[in-house]
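The values are calculated or read from the model by the stated rules, or taken from the named source; none is laboratory data. Small disclaimer: the values here were computed from a predicted structure and weren't measured. Here the Cβ positions follow ideal geometry from the backbone for every residue, glycine too, while neighbour counts run over all protein chains shown.
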Amino acid sequence: MAVQVEVTCKKSRIYHAGAAAQRIEIAIREELGAPISADAELCIKARFEDNLCTISIDTSGESLHKQGHKEAIGKAPMRETMASLFLRQCGYDVREPVVDPMCGSGTFVIEVAEIAAKLNPGRSRSFAFEQLVSFDEGAWKRLRDSSQGVKPAHHFFGSDRDAGAITMSRANAGRAGVSDFTVFQHHAVSNLTPPPVPPGLVIVNPPHGTRIADKKPLVALYVALGKTLLTRFTGWRVGLITTDTALAKATGLPFAPPGRSVSHGGLNVLLLQTERLK
Ligand SMILES: C[S@@+](CC[C@H](N)C(=O)[O-])C[C@H]1O[C@@H](n2cnc3c(N)ncnc32)[C@H](O)[C@@H]1O
């Protein structure tokens, strides 16, 4: 099968990534007989750092966050893998209802619905390792078939002030097979009321400007979010994802000190959490 080769060089005597890639390609072609193609799904990665070369094989193909359901995306979509990470950090329990009041393309709501329905991530896509000679088709089929699709105990809720975002969320939920237990509504956060379910988790990833000029109007938005949650969401806990602790503070929500930030797209992203609101 064809492979592609990717090389990076940092602080090393081998400093020319293109030349290093060429040598590795020749060795693979001549010694192993594998054709080299820039479009090949299987990728051999060589990283030279401080004169140490680490060679790895990427057998996923498309990035793992591309699970094949989120065709429609908004301006600042959360990656499914990041959403899953933050939900785990929140200690998300499948029995807990979830609300995302700024749901964008619906990532959090769809992710929790999939977890609750025991639908395996990546169940609709293919992976580069399926082309390996050693690929065990039977084992893979058994794993795929373990995607159970159980009916969750309750619905999961998303809303956004952007009508286009709601259309996208519904379409993405449909592709993911979770339309029956997700509800997406078009309204601003100031009109948000708790859904008719026991208190659970509010998870939200509000806009956060990168330029100072962007931040002023955002303060009012964070204040509105905090006011809505503090006055109407007694008993719910909150997980807020942001890059800006000053904006998060403007909510007035009683956040515990944050854990470690996650580096994403050149930004340090933080999850801030509250206990159940009183
Ligand atoms: C960073 S995006 C959220 C992205 C989302 N997590 C996703 O994966 O697509 C922020 C969202 O907040 C929404 N938003 C901004 N102001 C709002 C408001 N006042 N009420 C409700 N939603 C608002 C925007 O329309 C946008 O979809």
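Quick notes on this one:
Residues checked against (1) exposed (fewer than 15 other Cβ atoms within 10 Å of the Cβ); (2) under 20 Å from the mean Cα position of the chain (by Cα):
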site	(1), (2)
145	yes, no
154	no, no
189	no, no
207	no, yes
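Residue by residue, here is whether (1) of a type in the set (A, V, I, L, M, F, W, C); (2) assigned by TED's automatic domain parsing to the domain that holds residue 201; (3) modelled with pLDDT under 95; (4) within 14 Å of the ligand (Cβ to nearest atom) holds:
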residue	(1), (2), (3), (4)
65	no, no, yes, yes
70	no, no, yes, yes
92	no, yes, yes, no
96	no, yes, yes, no
101	no, yes, no, yes
110	yes, yes, no, yes
118	no, yes, yes, no
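- Cβ-Cβ distances below 6 Å connect the following pairs, each with a first residue in segment 34-51 that is under 13 Å from residue 129 (Cα atoms), a second residue that is assigned to a loop (DSSP other than H, G, I, E, B), and a separation of six or more residues or different chains: 40/2; 41/61.
- Breaking point among (1) away from the ligand (no atom under 12 Å from the Cβ); (2) modelled with pLDDT of 95 or more; (3) not aliphatic (A, V, I, L, M), for residue 222: (1)
- Residues located in segment 24-51, provided they are in contact with a Ser or Thr (Cβ under 8 Å, 6 or more places away or on another chain) and exposed (fewer than 14 other Cβ atoms within 10 Å of the Cβ): 49, 50, 51
- Boolean, residue 278 is farther than 20 Å from residue 78 by Cβ, of a type in the set (Lys, Arg) and either buried (at least 20 other Cβ atoms within 10 Å of the Cβ) or within 16 Å of the ligand (Cβ to nearest atom) (or both): no
- Set side by side, the residues 84, 105 differ, and just one is small (Gly, Ala, Ser), in the same structural domain as residue 171 (by TED's automatic domain parsing), in contact with a Lys or Arg (Cβ under 9 Å, 6 or more places away or on another chain) and within 16 Å of the ligand (Cβ to nearest atom), which is 105.
- Residue check, residue 224 over 18 Å from residue 104 (Cα atoms) and aliphatic (A, V, I, L, M): no
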